[in-house]
Structures are given as C-alpha cells and as structure tokens.
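Below is one structure, written out as structure tokens, with a few remarks after it.
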Amino acid sequence: MSGILNRLRESFNDPLFVRVQHGMQPTERAIQLGKIAKQVLADIGSMLQPPTLEPEKLTLTLRIAAMDYVQQVIALPLILRLRRLAPNVQIALLPVQGQSIKALFEQNKIDLALVSHHHLSVEMPQKMLYHERYVCAMSQTHPMSRQPLSLENFCKLPFAMLSYNGGEFSGATDLALRKLGLQRKVMVSVNHISLLPQLLQDSDLVAVLPEHLAKALPRVHLQPPPLEVEGFTMMMAWHERTEQDLGHRWLRDILSEIVQEISVAKRENLEVASD
C-alpha cells in the first residue's frame, strides 16, 4: 500500500494523506479526488449493467426495403403496432426492385430487408418469416369461380401478371407450364399491386399471385392453380452493425410476432373453411 500511495503522490503532486495525532488525514486534494473517483466508479458500474429498453422512449429511424405487396401485408401492421408501442420510431418503406440488397446494406441505406431468399446471400444475418405459395385470384362473379380449374381451361384464360421489374409477361407460373410443354395467355403486366383489385373485379382477367397478397385483395375468389407452381421463402435480413443493437433487436422481434400472428390467423381461417 505504501508503494501505491507513493506513486499516487507523485502522479498528483500532493501528499494526499498526512499524519495527525490519531492516524492519517486526507488532504483537500485527496477529498476532491475521492468525489471524482466515486462518480467514475458509478459510471463504470452503470456501463456494466445490462441495457434496458423502454419502447415508448425509443427514437430511431427504421428503413425497410420490401416488395410492394410485402409492404402491405407485413409493413402496414408493423407501422400500426409501433404507433401504439413506440410512437417516436420513424419508418421509411423503400423499394427493392432492380437493386442489390447487399449493396443497400453496405451503403447504409437500409436497416431491414423483407425479400425472398433469392435476393440474399448466406453471410447476411437473416431469419425466415414464412413460405409463400401461389393461388389463382379472379372476380367473385367470374364464370370459372364456380368450378375447379382444369389445366386446359387454365391455359385458355386471359391473365394479368404482377411484374416487379415491370414489362414482363413471364414468371414462375410460365416456367411451370413450360415444363409441361404448355403456355398461358398473359394479356396485362403491371408492376404495382394497386391496379390488381380493379382489374380482377371488373374484367375476365385472372392472376396467379402469392397467397399472402391474394388474401389481402378485396372481393376476389381464390382457388389453387391446376399445376404446381414453385413458391418461395420470405426472409427478414439485416446488417451486422445492428445485430446486437437493443432497439433494432426489439423491432425485429415485433416484426416476427406480427408475421406469426398472420400465420396463426391464416391457419384458423383455413380450419373454419374446412368445417
């Protein structure tokens, strides 16, 4: 102790403790240093405490890159949930069409991506949200809505197609048909879901759509296509810089909860329909 005290005296150029009749007494400099040291130790103690999160006080901007139909199916419920739980969180929804998700993350332009597994590389932090399958959507008054679709009738129908890149007249359905030596008639190609409800309700057009999107459209009849169309897996991805961030982790958990609730509601609806 005497050696340590001597080094401290040299460092602070002060005796720090002096002898008195009944022992040692701290100098004024030592008393001042003691107050500072007490605060420093308290600050270090708070640094070592596990962080806590108060959602109602959380302030950050969450930039989400997602296909437009995913924005409606997942991002919309997320925004409504956060308005209740974390009203100071800002949400920005950004398009992903024709862009590299990896580049958007590396350029710090997005915090989350809600995309199919085809858009991601294995080194990205990611989580599976759900597997998407395709269904046929048409007007509730369409003549084919009252009977199962045969493959022959399917190929004769006029189709509207959702082309995320725009201008395409061939997709997953056409790949499946090609394997059978068949083709369909795609008459309309749109790159945004906003036109689909009106197109399907007011015409003889039919669309093959991701089921989560189709179920969100008003007043349409849904049924399975007469052939197997390969679906895809919807993923949530983020950058490693937010991997351990408490706020971002909480937001990812909330989004996962919403997707889980959507899946449960979908199963319950199917059970009611089967009853």
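For the reader, a short list of remarks on this structure follows.
- Entry remark, the range 176-207: residues being open to solvent by 20 Å² or more (accessible area, probe 1.4 Å) and hydrophobic (A, V, I, L, M, F, W, C) number 7 in total.
- So V96, is it of a type in the set (A, V, I, L, M) and open to solvent by 80 Å² or more (accessible area, probe 1.4 Å): no
- Total residues in the range 164-204, condition closer than 28 Å to A265 by Cβ and touching a Phe, Trp or Tyr at 6+ places or on another chain (Cβ under 8 Å): 3
- If you check S170, S194 for being hydroxyl-bearing (S, T, Y), in the same structural domain as M144 (by the TED database) and outside any helix (DSSP H, G or I), only one passes: S170.
- Residue within the range 235-251 that is touching a Lys or Arg at 6+ places or on another chain (Cβ under 9 Å), outside any helix (DSSP H, G or I) and under 27 Å from A137 (Cα atoms) present: yes
- Single residue of the range 51-93 satisfying the filter (open to solvent by 60 Å² or more (accessible area, probe 1.4 Å) and under 16 Å from the mean Cα position of the chain (by Cα)) that is nearest to H212 (Cα to Cα): Q72
- Out of E228, E211, one residue alone is surrounded by 15 or more Cβ atoms within 10 Å (Cβ to Cβ) and acidic (D, E). It is E211.
- Residues considered: E28, E56. Of these, the only one that is out of contact with any Phe, Trp or Tyr (no Cβ under 7 Å at 6 or more places or on another chain) and either of a type in the set (A, V, I, L, M, F, W, C) or within 30 Å of T242 (Cα to Cα) (or both) is E56.
- Within the range 214-225, tally of residues that are at positive phi and open to solvent by less than 40 Å² (accessible area, probe 1.4 Å): 0
- Of all residues in the range 106-136, those satisfying the criterion of being open to solvent by 40 Å² or more (accessible area, probe 1.4 Å) and of a type outside the set (S, T, N, Q) are E106, K109, H117, H118, H119, V122, E123, K127, M128, H131, R133, Y134.
- Yes/no for S150 being loosely packed, with under 13 Cβ neighbours inside 10 Å, among the hydroxyl-bearing types (S, T, Y) and touching a Pro at 6+ places or on another chain (Cβ under 7 Å): yes
- Among the candidates L53, L41, residue that is part of a helix (DSSP H, G or I), among the aliphatic types (A, V, I, L, M) and at negative phi: L41
- Condition broken by Q97, with the remaining ones in (1) under 20 Å from P197 (Cβ atoms); (2) in a loop (DSSP other than H, G, I, E, B) satisfied: (1)
- Residue check for E211: farther than 28 Å from Q107 by Cα and modelled with pLDDT under 95: yes
The values are calculated or read from the model by the stated rules, or taken from the named source; none is laboratory data. This is a predicted model, so every value here is computed, not measured. So basically every Cβ, Gly included, is an ideal-geometry build from the backbone, and we count neighbours across all protein chains shown. These accessible areas exclude ligands, DNA and RNA; they are computed on the full protein's heavy atoms, side chains included. Shrake-Rupley method; radii C 1.70, N 1.55, O 1.52, S 1.80 Å.
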